[in-house]
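The structure appears right after this line, and notes come after that.
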Amino acid sequence: MAQKVEMGALPQYEYLPLPKSTYTRVLDLQPAIDTNAPLHASLRHVNLDYDLLFDAVSYTWGEPIFNEEIIIDQASSIKITATLRDGLVRFRLPTEVRHLWVDAVCINQADDHEKAGQIPRMAQIYRGACSVLVWLGNDQEGSAHVRNIARLTQHLHSTNRMKAANDLEIQDIQGALDGLVRLPWFSRRWIIQEASLNPNVTLFCGKDTVPWLRVLLAPTIIPWGRVTRGRTLIEIFKSCWTSHVGLAAGRKKGILDLLADFSDAACSNSRDTIYAIAGLAEDVAFRDDQDYGEKIVIDVDYTKDVEEVFRDFGFAVASSARRPTWEGSENFGKLLREAISRADGSRLNGFCSWAPDWRLPKARVPIRLEYDDLNLSTCNTPKVMLVLPDAYYIGSVKHMFRCFPKGASPAVATSWINELLEWAAKQVIANKTITDWSDEMMNMLLAQLLHIMTGGEARWTRLDPSQDRRLHRRRVQENARSLGVFDAADHVFWSARGFQT
């Protein structure tokens, strides 16, 4: 039985340096039957090339209040948050030592040099761990959502059972998923990597558990009508998980696509906007890697200012674009579009105007997106002169359509939408071989406009000519406040909010 030690009576644990970059630490959590017993553990060095007999923990740090502790070898302690303390108590075994990897404890958080060396290893850690244990907290509503998902999806893998699922069951699953993704864990940027690399991931909330795979499959095995944040986010996670560990693993995404998919995911350190995603990207190599190939090279360095991190990432993308590869050219075009969509005039506090400030929300988005139905061509590599590290010309606004009229009546709003569509058609006809627009093409432009104005809530679809266009016009009208539309130099239409009306 462990000896009781008064809180705060022990000195702070002093980390020993890791012997090589291939090493990390593992927390050996001592057993206890009493859930109120203090946390006792040891820390040891392991070589990731051959010693992966541990479970990796994924959790949300929460408020940076370190008022709990782990007692290390009865001689010192490490301060931790209440959230981590609850998670370790949940994962602690009654009679056996549990071997865990926990970032807040296994990485010396006071040593920026060590953090820079460990972050490139995190993909290896989560991929090679025996399992990933996700701690969602002790939230009662969260526990109910986890319990409902586990119960309602238990037999839905059966085709007959799926067909027999009644409307109430489907609504219950939808509600549980939407409620689940509102938990803080789903807004944390680091969890994207932690939940996407291992085939054995389990969610824990209070006393309830559900396999991560059960959550990922839920949207695909039930009839799902409306688009919700829960469905959209889970589908993105599923795509990411499938591409890395699924039986039918597909092509992994590039860094810029991942940054776009998870643009809403937060991190307490803005440098981690890049660092937390990089390990998942197929087109990224860390500076310590042996072979860069044609990849974007990222140097993890917490001593740099955030602006420097974003600028250097832009340099890395631009450098890869100079190589004769299709991926490099595509990435460069995506980088420019991100810079255009996020720019607010601050230009990274004096740094390059072409390097996106990933802390800024998107202020404008292209109406066309990636769809080719309108036969509008985009320039993945705009014809601009790039001389690093100087700023350069991106493009110019050729035409500007008048802003949505403030306080417009339904009739005036409908007139504005009709004029906008006709104006857009004329701009395309003036620069393309198209001589006229069919009703179908106009419907497609209207649908894309609706997608942009609703922030992506209304998914882009090819409208059925038999559908009542008035419904779509009404939804555009409801979301058009303070919206301006302009035609950029490459003939892709952009919309931006914040114009004076």
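The values are calculated or read from the model by the stated rules, or taken from the named source; none is laboratory data. Treat the numbers as computed from the prediction; the structure is a model and nothing was measured. Note: ideal-geometry Cβ built from the backbone for every residue, glycine included; neighbour counts use all protein chains shown. Ligands, DNA and RNA are excluded from the accessible area calculation, which covers all protein heavy atoms including side chains. Shrake-Rupley method; radii C 1.70, N 1.55, O 1.52, S 1.80 Å.
Summary table below
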read-out: Residue match in the stretch 8-25 (condition: surrounded by 20 or more Cβ atoms within 10 Å (Cβ to Cβ), within 23 Å of residue 138 (Cα to Cα) and either at pLDDT 95 or above or of a type outside the set (D, E, K, R) (or both)); value: no
read-out: Tally, over the stretch 9-35, of residues that are touching a strand residue (DSSP E or B) at 6+ places or on another chain (Cβ under 8 Å) and over 18 Å from residue 100 (Cβ atoms); value: 8
read-out: Residue pairs meeting the criteria (Cβ under 8 Å; at least 6 apart or on separate chains; first closer than 24 Å to residue 122 by Cβ and free of Cβ contacts under 8 Å to residues at least 60 places away in the same chain, in the stretch 51-79; second among the charged types (D, E, K, R) and part of a strand (DSSP E or B)); value: 66/79; 68/79
read-out: Members of the stretch 172-208 found to be in a loop (DSSP other than H, G, I, E, B) and either under 20 Å from residue 151 (Cβ atoms) or open to solvent by 10 Å² or more (accessible area, probe 1.4 Å) (or both), listed by number; value: 181, 182, 183, 190, 199, 200, 206, 207
read-out: Of all residues making up the stretch 82-111, the number that are under 16 Å from residue 276 (Cβ atoms) and either outside any loop (DSSP other than H, G, I, E, B) or aliphatic (A, V, I, L, M) (or both); value: 3
read-out: Residue that is farthest from residue 276 (Cα to Cα), among those in the stretch 307-339 that are open to solvent by 20 Å² or more (accessible area, probe 1.4 Å), out of contact with any helix residue (DSSP H, G or I) (no Cβ under 7 Å at 6 or more places or on another chain) and modelled with pLDDT of 75 or more; value: 337
read-out: Qualifying residue in the stretch 42-50 (condition: open to solvent by 20 Å² or more (accessible area, probe 1.4 Å), at pLDDT 95 or above and small (Gly, Ala, Ser)); value: yes
read-out: Considering residues of the stretch 74-99 that are farther than 19 Å from residue 26 by Cβ and out of contact with any Ser or Thr (no Cβ under 7 Å at 6 or more places or on another chain) only, the residue most open to solvent (accessible area, probe 1.4 Å); value: 95
